[in-house]
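Take a look at the structure set out below.
None of the figures in this text is laboratory data; all of them are computed from the coordinates on show. None of these values were measured; they are calculated from a predicted model. Glycine also receives a Cβ, built like all others from the backbone with ideal geometry; neighbour counts cover every protein chain displayed.
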Amino acid sequence: MATGTQELVRRKRIKRFKAEQKARRRKDLAPITFRDLEQQDLERDEDRRVREARKVGGCAVPGCEARHHAKGYCAKHYQRMKRIAAAQTITLGH
Ligand SMILES: [Zn+2]
């Protein structure tokens, strides 16, 4: 069942990707990759979950029932996010 939903999301994304490419060509903008679009979606999902978690005092990680600690996450996941952010900073070299 979950696979069916994912497939639907993927198909919708492909449709959106094609429309986006067309629009960009018309406006003479650099094309985006399907990966970019996927990444944008993930970030948007994450933002939405974080906002929701802050509102209800929970954690933005799906399936986590812990209480809100900071920035939309529980104490455990907030620590994890900090570690990931630090690792990304090192990888990007900033
Ligand atoms: Zn959590």
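In nm², what is the average projected area of the convex hull enclosing the Cα atoms of the chain? Each step should come with its number before you reach the end.
Numbers: hull surface 33.5 nm².
The directionally averaged projection comes out at 8.4 nm².
Rounded to the nearest 500, the helix-only mean residue ellipticity at 222 nm of the chain stands at -24500 deg cm²/dmol, with each DSSP H run of n ≥ 4 adding -39,500 (n - 2.57).
Averaging sequence separations of C-alpha pairs under 8 Å and six or more residues apart, then dividing by the length of the chain, give the relative contact order as a whole percent. Relative contact order comes out at 13 percent. Of the trypsin sites (Lys or Arg not before Pro) found in region 1-75, the ones in coil according to DSSP and having at most 13 other Cβ atoms within 10 Å of their Cβ are Lys27, Arg67, Lys71. Taking amide H positions as modeled 1.01 Å from N, with prolines and chain starts lacking one, the residues under 5 Å from Tyr73 and 5 or more places away or on another chain are Ala60.
By the rule of a C-alpha distance below 17 Å, with chain neighbours fewer than 8 residues away ignored, the lysines paired with Lys12 are Lys22. The label-point distance for Arg35 and Val9, in a model that sets each label 7 Å from Cα toward Cβ, rounds to 2.0 nm.
If you keep only loop residues by DSSP, which GluC sites (Glu not before Pro) in region 40-94 have at most 13 other Cβ atoms within 10 Å of their Cβ? Walk me through the numbers on the way to the answer.
Values: sites: Glu43, Glu46, Glu52, Glu65; in loops: Glu65.
Sparse-neighbourhood loop GluC sites (Glu not before Pro): Glu65.
Once both axes come from the Cα atoms, what is the angle between helix 2-26 and the longest principal axis of the chain, in degrees from 0 to 90, rounded to 10? Once rounded, the angle reads 50 degrees. Counting Lys and Arg as +1 and Asp and Glu as -1 over every other residue whose Cβ lies under 14 Å from the Cβ of Arg26, the net charge comes to +3.
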